[in-house]
Amino acid sequence: MAGLLDVRSYPDVLRAFRWDALWELFDGDRDRLNLAHECVDRHVGRGPALRIKFDDGRSETHSFRDLAAWSSRFANLIARRGVERGDRVAVMLDPSLPFYGAVFGAVKRGAIAVPLFTLFGPDGVAARVEDCRPKLLLVEQDAPRWRAIFPNLDVLSVDDLVPRLADEPDRYAPDTAANDLAVFQYTSGTTRARPAAIRHTHRSVVTLMVGALYGVGLERGDRYFCPSSPAWGHGLWHGTIAPLALGIPVGAYSGKFQGTRMIEALAEFEITNVAAAPTVFRMLRQAGFSADAARTIRKLSFTGEPMDGDTFEWLERTLGFPPCGMYGSTEVGVVVVNYPGFSGHEVRPGALGKPAPGWEVAVVGDDGAVLGPGRPGEISVRRKGEWFPLKDRGWVDADGYFHHSGRSDDVIISAGWTMSAVEIEEVLRKHPDVRDAAVVGIADAGRGHVPKAFLASDRRDAAFAGEIQEFVKARLSRHEYPRLVEILDELPKTPAGKTDRNALRGRRASDAGGSAGQTSSA
């Protein structure tokens, strides 16, 4: 039987796929497996591993040999600094050789890599540090500031680190079990008050291949680019680990996103396969992305949020083929795909796609029964004999295509970022002029949804909304803040005394009455 990498038609995939075959893609087995070896060391000699475009226009390319040596030196260094198997190593860097080297070096050591978003403020970092208790925090610069915030934590900056690596051996032999923990990936996709770490083992790379092969369409010879930050799920798993595990170079963007810079990267690196959030493609359109700029692209996928019809149609006209969505969750993986680059599958505008091979997916009602075509319910996947809800509403059509109808909880997906309304509220309530706060997602043409904050406050001055936005940016994250703010005397409550979020979601600007109104910020 041909290997899974050789099967390129949708009907053949359905016949040929078996979970056991995914293990054939790796050196390790169900007992001994190391994520860093599978993504880096076994590909030494195969050429580039990293192609990085920076927001200042620079580009860097690093080979698998470079990455293997850097990550091994880091593994040896942290071992000497007392990092043991199972300890957490937090890495708060933008895409760069040090970022990838530190993540994979920690994994080689048998420690747990914890990527953190570089735009987090002190509150955002503290919430995650308090949760995972890392042994080491690696930052770009300003280590004294972070040491003052976390006096009991070993903090290193890149400037501190690089000279110390020079004397370390460039080889490290990993020794981990497939079920050992390898990565903590934080997501705001929760209604909990604190960020939740999804715990991934080394064997997670095996299940990841379903999304890599059938959601992103990765295959030998691809020149791949994913601008999503590797501090988040899409950029980490589909932008980094998936291509490297197959010996395909990462194409990454580092720094503040600019559509013109990404267009430059696509041409410079002669990219053939692109994966990004729909917002990125809207920004590329605004930046002048054209059929000429797309001439080398053969596959394009999106995830993180539904794609609006205008962007879908523009991409199809520009590329000459339709963009392919994929859908899943951080906890489960990709379960619905559009098979980019595969013959025999029709991509339908507005649909998420069809179930990925190996997964049983259905729309389930409140009573746990599978619903028929056209009936809305909870998109769910079958695991261990039970339906596991993915916290999204949807429906399936008569031809088996799944369609998205919105989130089932208070998670807000904006421009591909997953945000927790509860986490934003927690910071808002720290402001001395805010008595109470509630955050909901509001539809937005450019970003899909944006967080809107409703505040109970006596402040009514015009500057208050902007002050609130900067307050959240400084403490939580530069991207995770309310882009709309409305001031109320009191928040509406349910009979049980809870904040009535449904009333807030249905509130119109004309309902504002004596409020300070609304404001938006780019």
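Before moving on, here are some points about what is shown:
- Inter-residue pairs, beta-carbon under 6 Å, first assigned by TED's automatic domain parsing to the domain that holds Arg42 and in the range 62-74, second surrounded by fewer than 23 Cβ atoms within 10 Å (Cβ to Cβ) and among the acidic types (Asp, Glu), 6+ apart: Ala69/Asp170; Ser72/Asp170; Arg73/Glu168; Arg73/Asp170
- Annotation: Leu319 fulfils all but one of (1) over 16 Å from the mean Cα position of the chain (by Cα); (2) buried (at least 24 other Cβ atoms within 10 Å of the Cβ); the unmet one is (2).
- Some residue of the range 286-305 being modelled with pLDDT under 95, of a type outside the set (Ser, Thr, Tyr), more than 16 Å from the chain's Cα centre (by Cα) and farther than 21 Å from Arg58 by Cβ: yes
- Residue match in the range 80-89 (condition: free of Cβ contacts under 8 Å to residues at least 24 places away in the same chain and crowded, with 16+ Cβ neighbours inside 10 Å): no
- Count - residues of the range 358-372 that are surrounded by fewer than 21 Cβ atoms within 10 Å (Cβ to Cβ) and under 20 Å from Thr207 (Cα atoms): 4
- Considering the range 108-139, and only residues there that are touching a residue at least 60 places away in the same chain (Cβ under 8 Å) and among the small types (Gly, Ala, Ser), the residue that is nearest to Asp170 (Cα to Cα) turns out to be Gly110.
- On the stretch given as the range 1-17, residues that are part of a loop (DSSP other than H, G, I, E, B) and without any contact (Cβ under 8 Å) to a residue 60 or more places away in the chain total 4.
- The requirement of being surrounded by 15 or more Cβ atoms within 10 Å (Cβ to Cβ), on the phi > 0 side of the Ramachandran plot and either of a type outside the set (A, V, I, L, M) or assigned by TED's automatic domain parsing to the domain that holds Leu213 (or both) is not satisfied by Gly400.
- None of Gly235, Gly217, Gly221 is out of contact with any strand residue (DSSP E or B) (no Cβ under 9 Å at 6 or more places or on another chain), of a type outside the set (Phe, Trp, Tyr) and closer than 14 Å to Val274 by Cα except Gly221.
- Of all residues assigned to the range 125-148, none qualifies as being in contact with a strand residue (DSSP E or B) (Cβ under 9 Å, 6 or more places away or on another chain), of a type in the set (S, T, N, Q) and surrounded by 15 or more Cβ atoms within 10 Å (Cβ to Cβ).
- Selection of the range 118-177 for residues being in a loop (DSSP other than H, G, I, E, B), hydrophobic (A, V, I, L, M, F, W, C) and under 21 Å from Ile424 (Cβ atoms) yields only Leu119.
- All conditions in (1) in a helix (DSSP H, G or I); (2) at pLDDT 95 or above; (3) closer than 28 Å to Pro144 by Cα hold for Arg42, with the sole exception of (3).
- Against the list (1) under 30 Å from Arg42 (Cβ atoms); (2) surrounded by 24 or more Cβ atoms within 10 Å (Cβ to Cβ); (3) assigned by TED's automatic domain parsing to the domain that holds Val206, the condition Pro340 fails is (3).
- Output for the range 422-480, where each listed residue is in contact with a Gly (Cβ under 6 Å, 6 or more places away or on another chain) and not in a strand (DSSP E or B): Ala474, Arg475, Leu476
- Criterion (closer than 23 Å to Gln286 by Cβ and aliphatic (A, V, I, L, M)) met by exactly one of Leu484, Leu476, Leu455: Leu484
- Counted as qualifying within the range 356-396 are the strands (runs of 3 or more DSSP E) with 2 or more residues that are in contact (Cβ under 8 Å) with a residue 60 or more places away in the chain, namely 386-396.
- Candidate set from the range 280-312 (those that are within 16 Å of Gly217 (Cβ to Cβ) and of a type in the set (Lys, Arg)); member that is surrounded by the most Cβ atoms within 10 Å (Cβ to Cβ): Lys299
- Scanning the range 237-273 for residues that are charged (D, E, K, R) and either under 18 Å from the mean Cα position of the chain (by Cα) or under 24 Å from His37 (Cα atoms) (or both) yields a single hit, Lys256.
- Restricting the first member to the range 158-176 and to residues that are within 30 Å of Arg30 (Cβ to Cβ), and the second to residues that are among the charged types (D, E, K, R) and modelled with pLDDT of 95 or more, the beta-carbon pairs closer than 6 Å and six or more apart or on different chains are Asp170/Arg73; Tyr172/Lys108; Pro174/Lys108.
- Hey, Ala231 part of a loop (DSSP other than H, G, I, E, B), crowded, with 21+ Cβ neighbours inside 10 Å and at pLDDT below 95 or not: yes
- When each of Leu218, Leu181, Leu208, Leu161 is tested for being over 28 Å from Glu130 (Cβ atoms) and surrounded by fewer than 24 Cβ atoms within 10 Å (Cβ to Cβ), the lone residue that passes is Leu208.
The values are calculated or read from the model by the stated rules, or taken from the named source; none is laboratory data. Only a predicted model underlies this, so the values are computations on that prediction, with no experimental measurement involved. In this analysis, Cβ positions are derived from the backbone assuming ideal geometry, glycine residues included, and neighbour counts consider all displayed protein chains.
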